[in-house]
Amino acid sequence: MTVPRREPLSQRSTAAMPQQDEGKKPPAETAPEQRWKLQVFYLCFYGFMTQIRPGESFITPYLLGPDKNFTRVEVTNEITPVLTYSYLAVLVPIFLLTDYLRYKPVLVLQSLSHISIWLLLVLGTSVLAMQLMEFFYGVTMAARIAYSSYIFSLVAPSRYQRMASYSRSSVLLGVFTSSVLGQLCITLSSVSFLTLNYVSLGFVTFGLLLTLFLERPKRSLFFNRTEAAFNGAAPTELDKMADGDKTDGGDKTDSGKVTGGWRQAVLCRMLREVCALAKQSRLQLWSFWWIFNSAGYYLVLYYVQILWDDIYPARDNRRVYNGGVDAASTLLGAIASFAAGYLKIRWALWSALVIGVVTAIQAGLLLLMNTTANIWLCYTAYVLFRGSYQFLVPIAIFQIATSLSKELCALVFGVNTFFGTVLKTVITIIVADKRGLGLSVHPQFYVYFGYFSLLALIYLLMAVVVVIRHSRRAQPPELIPIEGQVQEKSPEAATVQA
């Protein structure tokens, strides 16, 4: 909720009112400020609590174990691919509904989907039930946009960066706590996977209750901007475009609001502007990374638990350490993201090289994960793989967003995510789905190794081209002596030329 800016008091009003201490704010200003702080705190608490799902790290061994007794082929080639398909199917509708419905209804949908996931995990016995579970998983993943963008409706633009870091930190802390809690329950208390899923069901049900107490914002990024603009909020890219549409003859109400279809027109204009911005080399490079590397990254995440079970099919649940690995990778990812903010280099020159080196390291880690017979070595390689990806994420966000308005930035990331999901779906159909090649997990990881190796080669070739072009531009132009001109030479210069 944005607090309208208070108009300055006139001199006559100031003289009539008693003077207040300079260090104190008027009660009318203090109350709204405390209100939005409480809203941000509650949203961060909500983000933390909704991540507490201690059974999530153990879903694959639960499906392959005696509780469900699915085969590895069923989990790899029939159940898991549905997650990618459902995510692609609901991504665009949820992206639009999130803004149009002002966040809260989509957060409620996410909580209901979480409850559906754990009910199906506990009660479902067929492949179809598990495929439906993966469908709801895709819904929850697409609905994450509602939480990450909700906070922008609560605070002023000057506080966006800090508040976004608070909300992201609360989510990472929740994931870390959930993974540690699940691992402790499995290793120390010998809790069964089924019991852990019941505990997770209880937490996600509590998350639904927390969602109901979230306040529904009065404005959003795209479809609900007009009212905020007239109430004194800072104009955004959409508001400026809307003003242009008004001057072109748009219909107005008595309050000055446009009642025509300017929102749709403005969004189309913003999409065209994004297409024009796509000619920037920096935007092209980092968008290419976002699309192609994120597709490979999430495919590895989807199938890595199956790889672990193939390398070390533990019969004793206490020897399954998926939760500890997830906790370690989350912690390393947070540290890597934090450290990336302090990396100061000439990104215009060295971006492709940094991406190429990191991608080559990821390719090597995938090869190690797929060829080793030591589960601890595989765990370590996975933690480093996730950490290296998370290291580049904040850099990519900064490089893409630094020259864009908030609305254009949201569109760019939305478009990149959509194309990345399309690519991920195509790879899944060809490689993993039983209607395609239907590869088992080890051949799949060889494909992912080749995929990241090819990307690393492309980035490194791009880096070579960028460095060569830069060196040519940096060379000073050769001086051509004018014919007949007499030049004096010092002895040192003559010696050098000789």
Which of (1) touching a residue at least 60 places away in the same chain (Cβ under 8 Å); (2) farther than 28 Å from Met462 by Cβ does Trp376 not meet, given it meets every other one?
(1)
For Gly438, are the conditions met, namely being in a loop (DSSP other than H, G, I, E, B) and open to solvent by 20 Å² or more (accessible area, probe 1.4 Å)?
yes
Would you check if Pro81 is open to solvent by 50 Å² or more (accessible area, probe 1.4 Å) and not polar (S, T, N, Q)?
no
Note on the range 49-103: residues assigned to a loop (DSSP other than H, G, I, E, B), under 25 Å from Leu307 (Cα atoms) and touching a residue at least 12 places away in the same chain (Cβ under 8 Å) are Gln51, Ile52, Arg53, Pro54, Gly55, Gly65, Asp67, Lys68, Phe70, Thr80
I'd like to verify a number: residues in the range 448-458 that are without any contact (Cβ under 8 Å) to a residue 40 or more places away in the chain and buried (at least 18 other Cβ atoms within 10 Å of the Cβ), how many?
0
Kindly indicate whether any position in the range 372-395 is at pLDDT below 95 and more than 30 Å from Trp308 (Cα to Cα).
yes
Is it the case that Val383 is more than 26 Å from Val171 (Cβ to Cβ), in a helix (DSSP H, G or I) and of a type in the set (Val, Ile, Thr)?
no
Of everything in the range 319-339 that's free of Cβ contacts under 8 Å to residues at least 60 places away in the same chain and more than 24 Å from Val191 (Cα to Cα), which residue is most open to solvent (accessible area, probe 1.4 Å)?
Phe338
Matching option when the condition is not in a helix (DSSP H, G or I) and not assigned by the TED database to the domain that holds Glu56, among Ala328, Ala295, Ala314:
Ala314
The lone exception for Arg225 - which of (1) at pLDDT below 80; (2) surrounded by 14 or more Cβ atoms within 10 Å (Cβ to Cβ); (3) under 17 Å from the mean Cα position of the chain (by Cα) it fails:
(3)
Residues in the range 274-293 that are of a type in the set (Ser, Thr, Tyr) and modelled with pLDDT of 95 or more: how many?
0
Considering only residues that are among the hydroxyl-bearing types (Ser, Thr, Tyr) and over 22 Å from Leu331 (Cα atoms), look in the range 345-400 and name the one that is most open to solvent (accessible area, probe 1.4 Å).
Thr371
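The values are calculated or read from the model by the stated rules, or taken from the named source; none is laboratory data. Note that the coordinates shown come from a computational prediction; the quantities given were computed from them, not determined experimentally. As a convention, Cβ positions derive from the backbone with ideal geometry for all residues, glycine included, and neighbour counts pool all protein chains shown. Ligands, DNA and RNA are excluded from the accessible area calculation, which covers all protein heavy atoms including side chains. Shrake-Rupley method; radii C 1.70, N 1.55, O 1.52, S 1.80 Å.
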